Structures are given as structure tokens and as C-alpha cells.
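Readers should treat all values here as calculations from the given coordinates under stated rules, not as data from a laboratory. Given the structure is predicted, the values throughout are model-derived calculations rather than measurements. For neighbour counting, all protein chains shown are included, and Cβ atoms are generated from backbone atoms with ideal geometry for every residue, glycine included.
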Ligand code: G6P
């Protein structure tokens, strides 16, 4: 059933719209009475909690999912989390130790770079954890333990529902690893409450489909599109830009908003479209000041904000605003990526490109 398009024109669109269900499936049986249970990690939990460092390793969208989960993993576990793009880890022969927990994230579980990085981490004695959508994949078989994301079969080359399910699984991992800490109990309860509301909020944000199509229409002839995010939404900027580049074949860059003044600001003029992610969390006021600085340079802004904040982020009504439902900070990136997925989808169709099979790309890259 899952490999048919049903009422949808393309797999990418179907998979975007499946997200309320795929997220529900990802969480099924894992949240009971306010406690997270991840059977696949149970036997190794002591070792994970004692590790000196957690390293997230992946490629493409899977790397971005790990980046989105990094802040909450650090906050709930008190263990430093570092990020490695699999190929770069191998190029640098990065240092990795027995006291490390290495978390490998891969939708297919067959990406060559990720599997080579896994071999490398195994040789160095790290505890290796897999986060994958593919039961029986090489990643699932070769890691010491892991969690399946249960997103269902993903056909579109551009990953959508696997991305949001990967984030949800890594947030649940953070809850499980940090579950012995009294100091974060209130935060953990807020996240669990957020997880139960998540599918409904994703359902709500999908109603922006028409608005994203209209936005895509206004951008079809552009050469370039920038996306600025920070904190929990740095990953959203990178992943949103990756979606636009891989399917709509438009140059797009996701940037850390804190770095804007160190270079990217030179690009700002009244023509280059810039999406600024400014939903509510600890970095909201910093994003407000980024918006002011961009306005002062006559930037052409599209601002993503929390529902009800339009007049706060854009007092003079000059920018286009995308309002999204608010949820606990570490889950906001799941809500925020969905309008970007829809935007990339519509841009691709309007520009006349192949959504499900973008040129030069493969769903699973099994060569180095
Ligand atoms: C390819 C795909 C991407 C994907 C990446 C990692 O490049 O085109 O969509 O994010 O591989 O794939 P994985 O299966 O390891 O998540």
C-alpha cells in the first residue's frame, strides 16, 4: 500500500502529507505513562550514560536530523554532543575513543560513507548505535544496538517523513538517556506532552500547502534563496535549503544566523529572497534583531514565526510571513521544516522538474 501514490501526484507530496501518521507510528509503544521506553537501547543504557561524548554521524538529510536533535541531547544528558559528516570523519581520520557513543543516522542504513565511518568507529572501540528506517539493513546489523524509526517506506529521493521521524526518535533517545536526572524532570514532562500533541500540530501546519504554493509561484524565477536559522532551527535552515537545491534545482544555502554579520550580510539587497526562521524559543529575540538588521539593508524577507507573532516579527507589514503552530522548543524544528518541504515540492513542480527522481541523485548512495 505504501508504495502506491494513492491520491497524490508524486511520492514526495504523499510522504510530506503522511507525516502525522508516520510520526505516530514512530512513537507507538514507546511512550507509556510519561516514560520513554526504547527496547533497542535498554541493555546498553549504562554504557551510554557513562560515555564521555556522543558523536552524531550521518550524511545529507540524516545529518541534519541529528543536528536538530543535538541541543536537546546535550540539555537532557549533560554529555557533550559533537557532529560528524561521515565522509569528513573518514577524511580527517577523526579522533574517536572507547569512551564515546557513536550514533549513526541513516534512512536506508546502506549509505557507503556512513557504513565506512561505522567500521572505523567499531575498530576504535566506541559503542555504536544505529538510527535507521530499514530493518535488516547493514547499519542495523553491524551496530551494537539501535532504534528503528518506523517511518514506513520512503520512495521520493528527497527525504521528508524519514527526517521528521529521525528527529522524534533522537528526542526520545535524549529523554531515555536523561531519564535519571531530577533537574530536568519538568522539561522532560513538557517534551512528552509536546510529543503527544505533535501529530495534530503537524496536521495543522500541512494546511499551509496552498500558501506555500503561492510563495513558490513568487520565487520560480529566482537564482538563489537563503535561509537563516539558529539554535534548534539551524538544522531547519540547512535542511530547507537542501530540499530546494536537490529537487527544485535552485541554488539555496542554509546559514547560521549568528554568522550573518561575518560575511553573508554582504549578499543582502532588495532582490535576493531570504527566509528567516524566527519561531519562539530562547533565540527569538536574537532573530528579531537579525530581522531588523536585514530590514535596515532593504532585504527581501520571508519570515517564519509562531502563530500570532506576525506583527512582532514584521511591524511594518513589509515582509511575507509564514505563521506556524507553536510547540515545545526541541520539537519546533519538526513543525518548521514542513512548510519548507512544501515550498521545495511546489517550486519543483512549477519549474517543471522531476520531484521524485531529481537529476544526478540516488535515494541510497552505496558507493564512496
Ligand atoms: C542520499 C539521498 C539523501 C539522503 C542521503 C543519506 O544523498 O539522496 O536524501 O539524505 O543519501 O541517506 P541515508 O539513507 O543514509 O539517510
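For this structure, a couple of remarks:
- Kirkwood-based shape ratio for the chain, expressed as Rg/Rh from alpha carbons: 0.95
- Sequence-distant contacts, meaning Cα pairs under 8 Å at least 6 residues apart, place the relative contact order of the stretch 183-327 at 19 percent.
- FRET efficiency for the pair residue 7 and residue 367, taken as 1/(1 + (r/R0)^6) with r the Cβ-Cβ distance and R0 = 30 Å, rounds to 0.25.
- Where N is the number of residues in the stretch 119-241, Cα Rg divided by 2.2 N^0.38 Å: 1.34
- Label zone of residue 193 (point 7 Å out along Cα→Cβ, amide N under 19 Å): in the stretch 53-82 this covers 76.
- Axis angle, to the nearest 10 degrees, between helix 185-205 and the longest C-alpha principal axis of the chain: 50 degrees.
- Helical content of the chain, expressed as a calculated mean residue ellipticity at 222 nm, amounts to -14000 deg cm²/dmol (DSSP H runs of 4 or more residues, -39,500 (n - 2.57) each, divided by residue number, nearest 500).
- The stretch 294-368-the stretch 80-149 distance, computed between alpha-carbon centres (Å): 29
- By definition, a body whose alpha carbon gyration tensor gives a ≥ b ≥ c is oblate when a/c is 1.5 or more and a/b is not larger than b/c, and the stretch 309-368 fits this oblate description.
- Its Cα gyration tensor gives the stretch 1-151 an equivalent ellipsoid; the semi-axes, largest first and in whole Å, are 27, 19, 14.
- Kirkwood analysis of the Cα pair distances in the stretch 171-313 returns a hydrodynamic radius of 16.9 Å.
- Nearest-ten-degree value, helix 161-177 long axis tilted from longest Cα axis of the chain: 50
- Antiparallel %, DSSP beta bridges [both residues in the chain], to 5: 5
- Relative contact order of the chain, pairs being alpha-carbon contacts under 8 Å that are 6 or more residues apart, as %: 20
- Angle between the chain longest axis and helix 60-77 axis [Cα atoms, degrees, rounded to 10]: 70
- Whether the stretch 1-68 is rounded, prolate or oblate, judged on the alpha carbon gyration tensor where a/c under 1.5 counts as rounded: oblate
- Mean separation of Cα contacts under 8 Å (6+ apart) over length of the stretch 276-368, as relative contact order %: 21
- Per-pair calculated FRET efficiency, R0 = 35 Å: residue 91 and residue 262 via Cβ, rounded to 0.05: 0.90
- Efficiency of FRET from Cβ geometry, residue 119 and residue 312, R₀ 35 Å, rounded to 0.05: 0.10
- Ordering of 40-53, 344-357, 186-199 by burial proxy (mean other Cβ atoms within 10 Å per residue, highest first): 344-357, 186-199, 40-53
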